[in-house]
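Accompanying notes for the structure given below.
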Amino acid sequence: NAGVTQTPKFRVLKTGQSMTLLCAQDMNHEYMYWYRQDPGMGLRLIHYSVGEGTTAKGEVPDGYNVSRLKKQNFLLGLESAAPSQTSVYFCASSWGRDTQYFGPGTRLTVL
Amino acid sequence: GESVGLHLPTLSVQEGDNSIINCAYSNSASDYFIWYKQESGKGPQFIIDIRSNMDKRQGQRVTVLLNKTVKHLSLQIAATQPGDSAVYFCAETDYGGSQGNLIFGKGTKLSVKP
């Protein structure tokens, strides 16, 4: 099993550009999550999903959108990137409201 | 313990010594706790978990202690090795609550001296 995978690993955007981060899991987990990690801030939840076709806002949802069209995939979109969105983004998945398994991360820089 | 501001607290230990990393959690209703390890450039990795009906749980070289009275969690690593160097996060959740999302601490950096 690959576990949780994320693409791309690195990306540089200019302010105002858009992009989509892809998360995939092969553990048949119901729950999936997107976090951002900034120095000294720990992990902050952006959006999450409790099943295919569902999404919900986390702690810091502004400027991001998500979709969960297939159970194994969770997409994070930035419609108009801002320098404040420079961060490392982690996807995670879980069976339920318990242990979350994380992907390797995507390092995004917005110039 | 938990970090304040931009700099993570750092624990520096000699190889072979035992390490103790502390975490103060915030929600008295939290009933499930997890410790994660994050190596540089990688995603957080599950180490061990504990439910609120326990006060101690042991894994391979790791022990988690839970003190609900003072809302304190600790991770003990026995015979610390250079490969244990990483940032360690605690996470809490109200498992039976309406939201149930994990709340993460800001982390403690463990540095192991050979």
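The values are calculated or read from the model by the stated rules, or taken from the named source; none is laboratory data. Computed from a prediction, not measured in an experiment: that's the story for all the values here. Note that we place each Cβ from the backbone using ideal geometry, even for glycine, and neighbour counts take in every protein chain shown.
The set of residues from segment B:34-50 being closer than 16 Å to residue B:63 by Cβ, in contact with a Lys or Arg (Cβ under 9 Å, 6 or more places away or on another chain) and touching a residue at least 24 places away in the same chain (Cβ under 8 Å) comprises B:47, B:48. Condition test on residue A:76, is it more than 10 Å from chain B (Cβ to nearest Cβ), among the aliphatic types (A, V, I, L, M) and surrounded by fewer than 16 Cβ atoms within 10 Å (Cβ to Cβ)? So residue A:76 does not fit the description; no. In segment A:83-96, the residues that are farther than 8 Å from residue A:30 by Cα form Cβ pairs under 6 Å with partners that are of a type in the set (Asp, Glu), at six or more places apart or across chains, as follows: A:87/A:38.
Candidates B:83, B:41: the one that is modelled with pLDDT under 95, out of contact with any Phe, Trp or Tyr (no Cβ under 9 Å at 6 or more places or on another chain), surrounded by fewer than 14 Cβ atoms within 10 Å (Cβ to Cβ) and not hydroxyl-bearing (Ser, Thr, Tyr) is B:41. The set of residues in segment A:97-111 that are closer than 15 Å to residue B:43 by Cα and either touching a residue at least 40 places away in the same chain (Cβ under 8 Å) or within 10 Å of the chain's Cα centre (by Cα) (or both) comprises A:100, A:101, A:102, A:103, A:104, A:105, A:106, A:107, A:108. Only a single item in (1) closer than 19 Å to residue A:102 by Cα; (2) part of a loop (DSSP other than H, G, I, E, B); (3) modelled with pLDDT of 90 or more is not met by residue B:106, and it is number (3). Give the residues of segment A:70-100 that are at pLDDT below 95 and closer than 23 Å to residue A:51 by Cα, sorted by residue number. Scanning segment A:70-100 gives A:94, A:95, A:96, A:97, A:98, A:99, A:100.
Applying the set (1) free of Cβ contacts under 8 Å to residues at least 24 places away in the same chain; (2) farther than 26 Å from residue B:94 by Cβ; (3) more than 12 Å from chain B (Cβ to nearest Cβ); (4) not polar (S, T, N, Q) to residue A:52 leaves exactly one unmet item: (2).
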